There are 2 protein chains.
Amino acid sequence: MPEPSVDLNADSILDPADWSAFCTEAHLALDVALNFMQERPGEAVWTELPDEVKNFTEPLPYEGQPLSTVVDEIKHRILPYTLGNTHSRFWGWVHGTGTASGIVSQMMVAAINANMGGRDHAPMYIEAQVIEWMRHLFALPPGSSGIICSGTSSATLMAINVARVHAAGVEVRSEGNSNTELVAYTSSESHVSVSKALEILGIGSAALRSVPTHPDFSMDCSVLVAMIAEDLASGLKPFLVVSTLGTVNTGAFDDIATIATVCQDLGIWHHVDGAFGALGVLSEKIKPRLAAISQADSIAFDFHKWMHVGYAAGCLLVRDGELHRQTFESSPAYLQSETQGVAAGSPWPSEYGIELSRGFTALGVWVQLKEMGVQRLGRAIYRNCLQAQWLGEAVELDHTLELMAPVSLNIVCFRYVADHLSVGALNSLNKRIVVELQVRGIAVPSATVLRGHSVIRVCITNHRTRRSDLEALHQAVGGIALELLKEMP
Amino acid sequence: MPEPSVDLNADSILDPADWSAFCTEAHLALDVALNFMQERPGEAVWTELPDEVKNFTEPLPYEGQPLSTVVDEIKHRILPYTLGNTHSRFWGWVHGTGTASGIVSQMMVAAINANMGGRDHAPMYIEAQVIEWMRHLFALPPGSSGIICSGTSSATLMAINVARVHAAGVEVRSEGNSNTELVAYTSSESHVSVSKALEILGIGSAALRSVPTHPDFSMDCSVLVAMIAEDLASGLKPFLVVSTLGTVNTGAFDDIATIATVCQDLGIWHHVDGAFGALGVLSEKIKPRLAAISQADSIAFDFHKWMHVGYAAGCLLVRDGELHRQTFESSPAYLQSETQGVAAGSPWPSEYGIELSRGFTALGVWVQLKEMGVQRLGRAIYRNCLQAQWLGEAVELDHTLELMAPVSLNIVCFRYVADHLSVGALNSLNKRIVVELQVRGIAVPSATVLRGHSVIRVCITNHRTRRSDLEALHQAVGGIALELLKEMP
C-alpha cells in the first residue's frame, strides 16, 4: 500500500481539518451523552444483547470515517446495551452510578491529556490535594502518602508490596522472596483481590490464612490471634492482616480496632480493604464505625463505587510515606528529576506505584468533591444504608422470603423460600429469580452463595435508587417465584 | 454536624436539580475544553507554575459549589499550567499528544460509565474488537489473548507473570517463588519497568541480567546467548528475555528475529516491550522492521503514546491465551458467571489481569482507529521519523553540535560541544540548555545520559510538530549555549 508523500512542515495530520465543524460535531455528541445520562423512567435496566451486537466483527479500519458516523454507531450499537449501572434499579455486585458532572470532568481530562507519572505541572498539585483530603478524611498523620490508581485490586497489590518491604527489608526488591515463611491473614469473607495480590507478588496464595467469621460475617478476631500464635510457634513470619470494611457478600465490617491492636503489638502490617465501605466516613452517621481506620498501616478504597466518580478510580493511602516510596522508587537516567523546569517537582507519583505513565484520574475525584461536597456525598451514602434497612425489614415481614445475613450496611441478602423444596431446589430457584429479574429488565441484583445457600443479593451503591424501586423489586421477586414454582416438577 | 432528614423515596441526591441548566453548563465547559485543545501559535510550551498554584491548599470541601465555579477554577488554575504535551514543540520523554476527538470519546466513556471487569454488555464487545484488531495488526495466531490496561508498565508486569507460570507451572500461584533459580535477560538500554516488574513479582531485580548493547544501542545477541549458556551451566533457569522495540533513550530496535529463535530453541519466554515502537506497524514504511514481532510470546505497548489516545491506555497481547487466563483467573461465589442474564459473557477480562473493576479505556482506542484509520495514524508516525532524520542531519551539519546516537526511529540525542570544555562542564552545559529551553517556554526536550555524556533528547511522538518547530529548537539551542558559555568561568 503506497503512502502519500509526507510534508514535514505541514500542520497536524490528526487534527480536524475544520475546527469549527469539529466543534459543532462535539456539541452534538455531548447532547447524545447528556441525553443518555438522564434517567428515562420505565426503561429496562438491562437488555439482552442482540446477535448483531454480540457477533459484530469488522476488519481493522485502514481508512478513517467521519466522527459523526462513529458517534452514530456508539448511539445505536452501544448505548442501548450498557450494563445498567446508571439506572436506579441496578444493585448487582458493587457498582457506582456515576454522575452527570463526570461528563464535564472527563472532557477536561481528555483536553488536558496529562501524564501523571511526574514532572511539574498543575495537574500534579490537584492529585496532591486529593491525597491530602483523603489523609485528612481518614485522620492519617502527616507524612502519610497516597496514590490514585485504577481501584482496590491494584491498591491492595501495592499495599501488600509495601508490607513485604516492611517485613523483609528493602533488599527484597533485588533479592526476591527468599523468605518463604511469610504468612498473611484475612477473613473467609474477604475479596479475591487479596489472594490474587499474594499470587502476583510471588508470595503465593497458600501463605494466606483464611480466618473464620462470626455469624455476622465479620472476622473472628480470637481465632485470628490463635492462628498467629500458632504460626509464630511454628517459626513462620506473620507479616500482614487484611481487614475488610464492607465485605463483598454482605457488607460486614471487621473489628478494625481490635485488629489494629493485635497488629501493633506484634509489628504486623494492618491493611484495610475498604473498597466501598471506607467511604462511609463521608457520612457523619457512619463515620463513628470507622474511627479505628486512622490506625491502619494502609487503606485501599474506590472512588468509582460509593463516591460515583467514573470508572476506574481508586486510592491507596500508606501511613509510612517514606516506606511507601522506598518500595517503588527508581531513578534511571532518563527520569532524573531536576530542581528547575519541566522535570522539577518531586517526589513523582511514579515513585509510589506500579505505573510510570498515569492518567489524570484525580481530576474527576477533585471535581466530585468540590461540586458535591462531603455532606451531599455522605447523605447519598447514608440514604442507601437506610434503604437497605427498609428492604431488610420488608423481607423479614414477608413469610415467603428469608433474610440470609444481617443488614449491616447497604447490602441485603435474602432468598425466596417454600417449605416443600430441597436445599438444591431452593438454590436453583433463587438463582433463576436473579436471572429472570435481569432478563426481564426489571432490576439487576446479583447472585451469591452464603454458607451453601444461593441468595439474591441487593447492593445499594446507587444514588438514583428510590424506595419505589425497591418495592418494585420486592413485588417482582414474589411474582417470578410463583411463575417458576409452577414450572418446577 | 447534623444531617438533614433523608427521604428514601426522593429522586437522586447527586443528579442535577435542573437538567436543562446542567446541559447549558456542560456545553459551556465543552467550549472551554475545545478552546484549550486548539493550538495557539506562539504560546509557551510550558510555563513555570506560580506559587499560588503550587502552594494552593484548601480544606476538604464539606459544602458543594456550582459546577460552573469548578470549571472556572480548572480554566484559571490548571489549563495555563499543563505539561505541554499537546503543544507542537513538546518532545520530552515519550508523550502522546492526544486528539480533539479524544474529548468526544471521553464524554461518552463518562456517560456510559461501564465497569469492564466482565458481564454481558455492549462495551465488552468493543474491547474484544480492539483486541482482535491488535492481534491482526501484530499477526498473532487465533487463540492469542489480550487486555487493555493503563500502560506498558502494568502490561509488562502481567506478561512476566504469565512467563513465570509458563516456567514454574500454575502451582506457582499458590506456592509462590519457591524456584529461586529463575533468571531473565534484557538489554542495558531497556526500560526500568522491566526490573520493577521483577521486583513486584517477588522474583527480584537481581535475577535480571543486563545484556550489553551494540554501538547502535540494540541488544548484543551473541552476548545474550553466551550469558544464557553460562547460567544454564550453573544450574540456573533462564525463563524470560525482554526485548525492546524503541528503547527509551535512543529509539533502538533489538533484533527480535534472532531473539525469537534463541528463545524458541530453549523454551524461554520472549516478551517484547514495544511501548512506543511497536505501533510502528501502523506505518507501511516501518512495518517491515517489525516482522518478527508475530513470533513473540507476549507484546506490551501503549495507545497513549504514538497512537495519541488519551492517557492512560496500554495493551498486553499474549500468544497463548489459555496460559494467560490460567495465570489470572479466579471465580469466587460472588463472581460466578452465568449462561443467561447480566452475568453471562465469558471469559471476563478480569480473568486476564490484575484488576477486577476496569474502565472503558477501549472506547477511546476504538474511536481513534475508526475515525482516523490505520493509514492516517501510520502517516503521522512515519512523519515523526522523517522529522527525526531531518533533525539528525541538521545536527550533523552543525559543527557546534554532536549527534550522540544513530537516529533509528523518532529520537534524536545530541549535545552542544565546545573544544575547551571538560566532560563535566559539557554535561552541565547540556543539562542547563535543556532546562533553559523549558523555562523559556521555547521547547520541551528531555535530558538523558548516554555512555556518561549528558545529552539533549528530542523524542518526536507528536502529530502537531512541523519542521519549523525543529528549526526553532535548533536555533534556540545555539543561542542559549552561547549565553551560558559567557556566564561560565
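Return yes or no: is A:I480 in contact (Cβ under 8 Å) with a residue 12 or more places away in the chain, more than 23 Å from A:G277 (Cβ to Cβ) and either touching a His at 6+ places or on another chain (Cβ under 9 Å) or open to solvent by 40 Å² or more (accessible area, probe 1.4 Å) (or both)? Judged against the criteria, A:I480 is not a match. Pairs needed: first member in the range B:360-381, more than 17 Å from B:V281 (Cα to Cα); second member anywhere, of a type in the set (D, E); C-beta distance under 6 Å; at least 6 residues apart or different chains. Correct list of pairs: B:A362/B:E127.
A:R457 - would you say it is in contact with a Pro (Cβ under 9 Å, 6 or more places away or on another chain), outside any loop (DSSP other than H, G, I, E, B) and either open to solvent by 40 Å² or more (accessible area, probe 1.4 Å) or farther than 19 Å from A:Y311 by Cα (or both)? Criteria met by A:R457. Quick check: anything in the range B:131-153 under 23 Å from the mean Cα position of the chain (by Cα) and of a type in the set (F, W, Y)? There is at least one residue in the range B:131-153 that is under 23 Å from the mean Cα position of the chain (by Cα) and of a type in the set (F, W, Y).
Determine whether A:A163 is free of Cβ contacts under 8 Å to residues at least 60 places away in the same chain, in a helix (DSSP H, G or I) and open to solvent by less than 20 Å² (accessible area, probe 1.4 Å). In short, no. Candidates are the residues of the range A:344-362 that are of a type in the set (A, V, I, L, M) and either within 19 Å of A:L317 (Cβ to Cβ) or at the interface with chain B (Cβ under 7 Å from one of its Cβ atoms) (or both); the one that is nearest to the chain's Cα centre (by Cα) is A:A362. All told, A:D51 falls short of being free of Cβ contacts under 8 Å to residues at least 24 places away in the same chain and surrounded by 15 or more Cβ atoms within 10 Å (Cβ to Cβ).
Figure legend. Inter-residue proximity from the range B:54-66: first residues in contact (Cβ under 8 Å) with a residue 12 or more places away in the chain, second residues polar (S, T, N, Q), beta-carbon distance below 9 Å, spacing 6+ or different chains. Indicated pairs: B:F56/A:Q129; B:Y62/A:Q375.
Please enumerate the residues belonging to the range A:271-285 that are open to solvent by 10 Å² or more (accessible area, probe 1.4 Å) and out of contact with any strand residue (DSSP E or B) (no Cβ under 8 Å at 6 or more places or on another chain). Hits for the range A:271-285 are A:E284, A:K285. Hey, does the range B:229-240 have a residue that's assigned to a loop (DSSP other than H, G, I, E, B) and within 20 Å of B:S153 (Cβ to Cβ)? Among the residues of the range B:229-240, not one is assigned to a loop (DSSP other than H, G, I, E, B) and within 20 Å of B:S153 (Cβ to Cβ), which makes the answer no. If the condition is being surrounded by fewer than 24 Cβ atoms within 10 Å (Cβ to Cβ), touching a residue at least 24 places away in the same chain (Cβ under 8 Å) and either farther than 30 Å from A:S454 by Cα or within 30 Å of the chain's Cα centre (by Cα) (or both), then the range B:298-337 contributes B:R319, B:D320, B:G321, B:E322, B:L323, B:R325, B:Q326, B:F328. Being facing chain A (nearest Cβ under 7 Å), out of contact with any strand residue (DSSP E or B) (no Cβ under 8 Å at 6 or more places or on another chain) and open to solvent by less than 30 Å² (accessible area, probe 1.4 Å) is true for just one of B:H136, B:H121. Which residue is that? Result of the check over B:H136, B:H121: B:H121.
Those helices (runs of 4 or more DSSP H) of the range A:13-116 in which at least 3 residues are more than 7 Å from every other protein chain (Cβ to nearest Cβ) and either out of contact with any Lys or Arg (no Cβ under 6 Å at 6 or more places or on another chain) or closer than 30 Å to B:S283 by Cβ (or both), considering only elements entirely within it, cover A:19-37, A:67-73.
The test for being facing chain A (nearest Cβ under 7 Å) and not in a strand (DSSP E or B) does not hold for B:G392.
Considering only residues that are surrounded by 20 or more Cβ atoms within 10 Å (Cβ to Cβ) and in a helix (DSSP H, G or I), look in the range A:206-221 and name the one that is nearest to the other protein chains (Cβ to nearest Cβ). Among those that are surrounded by 20 or more Cβ atoms within 10 Å (Cβ to Cβ) and in a helix (DSSP H, G or I), it is A:A207.
Being closer than 27 Å to B:A313 by Cβ and surrounded by fewer than 23 Cβ atoms within 10 Å (Cβ to Cβ): is that true of B:R77 here? Yes, satisfied. Kindly evaluate A:Q340 against the criterion of being of a type outside the set (F, W, Y), at negative phi and either open to solvent by less than 10 Å² (accessible area, probe 1.4 Å) or not in a loop (DSSP other than H, G, I, E, B) (or both). Here the answer is no, as A:Q340 does not meet what is asked.
The values are calculated or read from the model by the stated rules, or taken from the named source; none is laboratory data. Predicted model only: the values in this text are computed from it and were never measured. We place every Cβ from the backbone using ideal geometry, glycine too, and count neighbours over all the protein chains shown. These area figures cover heavy atoms from the full protein model, side chains too; ligands, DNA and RNA do not enter into them. Shrake-Rupley method; radii C 1.70, N 1.55, O 1.52, S 1.80 Å.
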